[in-house]
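Student: Dropping the structure in here first, questions after.
The values are calculated or read from the model by the stated rules, or taken from the named source; none is laboratory data. The structure displayed is predicted, hence computed values, not measured ones. With ideal geometry, Cβ positions are generated from the backbone for all residues, glycine too; neighbour counts draw on all protein chains shown. Quick note on the areas: whole protein, heavy atoms, side chains included, nothing else; ligands and nucleic acids left out. Shrake-Rupley method; radii C 1.70, N 1.55, O 1.52, S 1.80 Å.
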Amino acid sequence: MKRFVPFLIIFFISTGYNDSADAIEVTAQADKLRLSSQEALTLTITVTDAEGTVDTSSIEDFKVLGQGTSTSVQIINGQVSRKSTHRYTLLPLKEGTLHIPPLQVEVDGKNYMTNDIQVTVSDTPDETSGKSDHATSPELYLEAEISDASPFVGQQIVYTFRLLTAVNIANASFQPPAFEGFSSREIEPHKTYKKVVGQKTYHVEEVNYVLIPVKTGPLVIQPALLNCRLFTKRDQDPFSFGSAFDNPFFRSRTTQKFLRTKSLPVEVKPLPPFKGQGKFSGLVGQFSITSTVEKDVFHVGDSTTLNIIITGTGNIMDAKTPDIDLPDAFKVYEDKPEEKIKIDHQGYSGSKTFRLALVGVTAGDFNIEPVRLTYFNTDKKQYETGESSPIHLSIRPSLQKDTLEVVSADKMENTKVFKKKVTFTGRDILPLKEKMDALENQETISFGWFFVLLLSPALLYGILWTSVRITRKKDDPAIIMAERVETALKAARKSTNDPDKLLSYLYRALISAVLAKGGMKGESLTYSETETILQQNGISSQTAKEVTMLLMRIDSIRYGGEEKNPEFLKDLLQKIQKMIERLR
Amino acid sequence: MNRKTGIFFKSFFYVLMIVVFIYFSDQDSLAQTSENSRTFLNAIRLYREGQFKPAADEFLKIAQTGVRNGKLFYNLGNTYLKIGKLGHSILWYERALKLIPNDPDLKFNLNFARTLVKDKREEQRPPLLNVLFFWQDLFSEKSIQWIAIISNMVFWLILASYLSPIPSLKTATSVKVFKYLSLAIALVFSLTAFYQYFAKRYINYGIILPEKVSVRSGLTETATELFLLHSGTKVKIERQDRDYYRIYFSRDKIGWLKKTHAAMI
């Protein structure tokens, strides 16, 4: 009976699990349903009698921070029950009635949904909770601001986040907003300084981002979040006076704090329609354009470098090569632009230099017209056009006596086509695939089936080969004669002491080998038949003759009265064995 | 009723049961196909009307019925990109790439989506076997498997023809050429298919889904944040433990992130 005890235990435990497997229950519970925008709530998802994976990606009204997962097992009256608990901290991203949608929990490949939860988030602190970061911890708060709340699209603005602390904090983790609708770049290094507000001196950590709106209309910069542990003082122990532990470090404890800034609305204005002449460069900010030339006097065949430099503050990195009107007296080679752009608390600024190598083709004096740059001036809120100064170039005739060979098409100057790299003028994705074949299953073959399909032809071949061998063996003369060769050779090897028998077996072996080659049955052959059979079956006439010679030798010993020397017969046996090998 | 009649009726009953089963299972499958067709057409209509979220839900419904089709996955990628869910979009494009690797529209859209990913791709040294089997990207997995099976079958058929009593088959040059050609193709494609089965089982890649994800040094939310990854970034999933994946982004960027923050391709 003792032997069965472990099995019984396993049986009861497994029965307990099986019974409960069907009763998997998934619930979601929030620790509070009313809270202020400065507070966080704890969402607890409980999975009964299983362990699951929770997908929180559908929560859109809150920032989700995981706290961890715990599992507990209970055995009551032989029934085993498990419970896994997933805890999350949820920080509201806006005020109003917010929604925690049903969350998908995957348990052993099956999906379960939690219940739906509504939470009311008010702008003012919840009276019942009595908590507010500002009200209870004015020694720690956040600030967020932007340099311009109504920029033009493409205009850079600076987002500033400040953490003001008058107490010690630890494990601070800052999560900046997603900056949806903007391209963003963090400005480094961060600023750290002291600031006096009222009677308190705050330590300020300041983080800045340069933002460039990429679409127009009302946008919202979501709150920045800060998670930290705040040191708070314990009540002093009246009996510990004078103790070595009576210092601020040992008299403090830490509490978890979640703080968030306000959402910042931004109204992004579109650029006014451009009605001026020329082409708008796409630059927004303050810019200037200059041009320089490496040397203004040079010879035909020599080159000079034309530099077009755009300098300013704004989206300078987006500057494209300006249109330059160059005389036909030059061949032009464009170089890669050089960028010197920095990012600081004013945003992006710097210069972008476009270089063109000009090779003189025709001698003479030429003017390069001013290069124009139209940009949107965000200070003046209007389009402006800057231009570089004109450049005069003098090309002298070539110093070489030989005239420079300039190949040109016959009278085709007027139809000259300048090839340019094709660039995108707009970006979008290609359309949907609308044919119904999109519903056909393109499932690949499973490994097992693939293996079977790959092996089965080999297997079938094996079966076919075996059956052919078996059927052929019965009546194929070649096989029958080949077997006779083996039998005769074996008998010959055993009859070395009896010359007559040995010679008889050798003759039979050789004749059988010839007949096997020819695929026919028989007992004897003439010399000419032997040669004919062998040659018809791909054996050279030389070899066929050697076979005939061997047969003649056997016959002459057998019937010619030659001395049957044992050494000679052994040598003959070896020769015939080798010949039979050759015939196979 | 004698014994023979009993056997006959028994056999008839089993055959009837099989026919009924096949009939009803076919009916279910037909009904599912018809339902999928309706959902598909509805999804396309919604997409055209600019209702991308409901369109994505409809396409997803079809995918959840078990349909694995590169074009369907491509449509899901397009729809998620229109919603602004870059991570989901790249995930479905990558899944489509496995089934229709040569589709030009897919390549174009995937390249476009990749330009929107914030993380600059760092070196991800491909496995040595990936280098050896570089041609696998030219064919879909299914094509590779069928080419291997068919060329292997041709090779064995040629060998079987040698067993026939026609001696000229053995010596014909064209037959010899076909024999070695089919053997070479069968070997190359079978090895590629075996590698793909191996890769599918042991080499996993995933796509980051949320806008921004902290990759941490351990399997808790309080573990040190090592670096941040953004939506759409492709990472190698080395292993999984509880609710976390251990991911490899580049040689010096390895860490743990929550399973819900990345989806396997």
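Student: Around residue B:82, what is the net charge, scoring Lys/Arg as +1 and Asp/Glu as -1 over all other residues with Cβ under 11 Å from its Cβ?
Tutor: Neighbourhood net charge equals +1.
Student: What percent of all Cα-Cα pairs in the stretch B:131-202 falls into each 5 Å bin, going from 0 up to the bin containing the maximum distance?
Tutor: 3, 17, 23, 18, 13, 10, 8, 5, 2, 1
Student: While we're here: Students often check this: by mean Cβ neighbours within 10 Å, which of B:146-156, A:163-173 ranks highest, and how do the rest follow?
Tutor: Highest mean packing first, the order is B:146-156, A:163-173.
Student: Within 10 Å of each Cβ of B:137-150, how many other protein chain Cβ atoms are there on average?
Tutor: Other-chain Cβ atoms within 10 Å of each residue's Cβ, averaged: 3.
Student: Separation between the residue A:542 and residue B:205 pseudo-spin-labels, each 7 Å from Cα along Cα→Cβ, expressed in nm?
Tutor: That separation, rounded to one decimal, is 6.2 nm.
Student: Could I ask something else about it? Mind checking A:170-180 for the average number of partner chain beta-carbons within 10 Å of each residue's beta-carbon?
Tutor: Across the residues of A:170-180, the mean count of other-chain Cβ atoms within 10 Å is 2.
Student: Note the angle between two axes, namely the Cα long axis of helix A:5-21 and the longest principal axis of the Cα atoms of chain A, as a number of degrees from 0 to 90, rounded to the nearest 10.
Tutor: Its long axis makes an angle of about 50 degrees.
Student: Starting at the first residue of the stretch A:99-116, write each ³J(HN,Hα) from the Karplus equation 6.51 cos²θ - 1.76 cosθ + 1.60 with θ = phi - 60°, in whole Hz, x for Gly and Pro.
Tutor: 10, 9, x, x, 9, 7, 10, 9, 10, 6, x, 9, 9, 10, 10, 7, 7, 7
Student: Taking 0.36 nm per residue of sequence separation and subtracting the Cα-Cα distance, how much length would be gained by fully extending the chain between residue A:480 and residue A:321, in nm to one decimal?
Tutor: That pair, residue A:480 and residue A:321, stretches by 48.2 nm at full extension.
Student: Moving to a separate point now. Using a 7 Å offset from the Cα along the Cα-to-Cβ direction at both residue B:34 and residue A:184, what is the distance between the two label points in nm, to one decimal?
Tutor: Placing both labels 7 Å along Cα→Cβ, they lie 5.2 nm apart.
Student: OK, next. Work through the residues other than residue A:513 whose Cβ is under 12 Å from its Cβ and net out their charges, Lys, Arg +1 and Asp, Glu -1. All intermediate terms of the calculation are to be shown ahead of the outcome.
Tutor: Details: positive: A:484, A:508, A:517, A:578, A:582, A:584; negative: A:483, A:486, A:581.
Residues close to residue A:513 contribute a combined charge of +3.
Student: Using only Cα atoms and rounding to the nearest 10 degrees, what angle (0 to 90) does helix A:447-475 make with the longest principal axis of chain A?
Tutor: 0 degrees
Student: May I ask you to derive the FRET efficiency for residue A:446 and residue A:171 from their Cβ-Cβ distance with R0 = 41 Å, giving the value to the nearest 0.05?
Tutor: It comes out at approximately 0.25.
Student: Continuing with the same structure: Give me the distance in nm between label points sitting 7 Å out from Cα along the Cα-to-Cβ direction at residue B:161 and residue A:263, one decimal.
Tutor: In this crude label model, residue B:161 to residue A:263 measures out at 7.4 nm.
Student: Determine the total buried accessible area between chain B and chain A, counting protein heavy atoms only with a 1.4 Å probe; round to the nearest 100 Å².
Tutor: Values: alone 17080 and 37330 Å², together 49750 Å².
Chains B and A together bury approximately 4700 Å².
Student: What's the ranking of A:336-348, B:34-46 by average number of surrounding C-beta atoms within 10 Å, highest first?
Tutor: Descending mean neighbour count gives B:34-46, A:336-348.
Student: Also, I was wondering about something else. What percent do you get for the relative contact order of the stretch B:131-202 when only Cα pairs under 8 Å and 6+ apart count?
Tutor: Over the stretch B:131-202, the number comes to 46 percent.
Student: Using r as the Cβ-Cβ distance of residue A:277 and residue B:137, and R0 as 45 Å, what FRET efficiency do you calculate, to the nearest 0.05?
Tutor: Efficiency computed from Cβ-Cβ geometry: 0.35.
Student: Moving on. For chain A, what class follows from the C-alpha gyration tensor (a ≥ b ≥ c being the square roots of its eigenvalues): rounded when a/c is under 1.5, otherwise prolate if a/b is larger than b/c, else oblate?
Tutor: Oblate shape, in that a/c is at least 1.5 and b/c is the bigger or equal ratio.
Student: What order, most packed first, do the peptides A:509-522, A:280-293, A:449-462 have when packing is the mean number of other Cβ atoms within 10 Å of each residue?
Tutor: A:509-522, A:280-293, A:449-462
Student: Please enumerate, by chain and number, the aspartates and glutamates with C-alpha under 12 Å from the C-alpha of residue A:433, excluding those fewer than 8 residues away in the same chain.
Tutor: Of all the aspartates and glutamates, those that pass the test against residue A:433 - Cα under 12 Å, at least 8 places apart if same chain - are B:103, B:105.
Student: With angles folded into 0 to 90 degrees, how steeply does helix A:566-583 sit against the dominant principal axis of chain A? Use alpha carbons for both and round to 10.
Tutor: Relative to chain A, helix A:566-583 is tipped by roughly 50 degrees.
Student: Still on this structure, please answer the following. Using r as the Cβ-Cβ distance of residue A:73 and residue A:23, and R0 as 22 Å, what FRET efficiency do you calculate, to the nearest 0.05?
Tutor: Numbers: r = 15 Å, r/R0 = 0.70.
The computed FRET efficiency comes out at 0.90.
Student: Take the residue pairs A:262/A:381; A:110/B:82; B:120/B:234; B:212/B:258; B:53/B:234; A:215/B:85 and return only those whose Cα atoms are more than 19 Å apart.
Tutor: Table pairs above 19 Å Cα-Cα are A:262/A:381; A:110/B:82; B:53/B:234.
Student: Under 13 Å from the Cβ of residue A:194, count the other residues' Cβ atoms, weight Lys and Arg +1, Asp and Glu -1, and hand me the total.
Tutor: +2
Student: Once fully extended, how much extra length lies between residue A:197 and residue A:571, figured as 0.36 nm per residue of separation less the alpha-carbon to alpha-carbon distance?
Tutor: 122.6 nm
Student: Here is a further query. Quote the relative contact order of chain A in percent (integer), defining contacts as alpha-carbon pairs under 8 Å separated by 6+ residues.
Tutor: Worked out over chain A, it gives 8 percent.
Student: Grab the DSSP H runs of chain A that are 4 residues or longer, score each as -39,500 (n - 2.57), total them, divide by all residues and round the 222 nm result to the nearest 500 deg cm²/dmol.
Tutor: It lands at -7500 deg cm²/dmol.
Student: Please tell me the relative contact order of the stretch A:312-360 in percent, rounded to the nearest whole number, where contacts are Cα pairs under 8 Å and at least six residues apart.
Tutor: Dividing the mean separation by the residue count of the stretch A:312-360 yields 47 percent.
Student: What does the average come to when, for each residue of peptide A:449-460, you count the partner chain Cβ atoms lying within 10 Å of its Cβ?
Tutor: Details: counts 2, 9, 4, 1, 7, 9, 1, 4, 11, 5, 1, 4.
Partner-chain Cβ atoms within 10 Å, mean over residues of A:449-460: 5.
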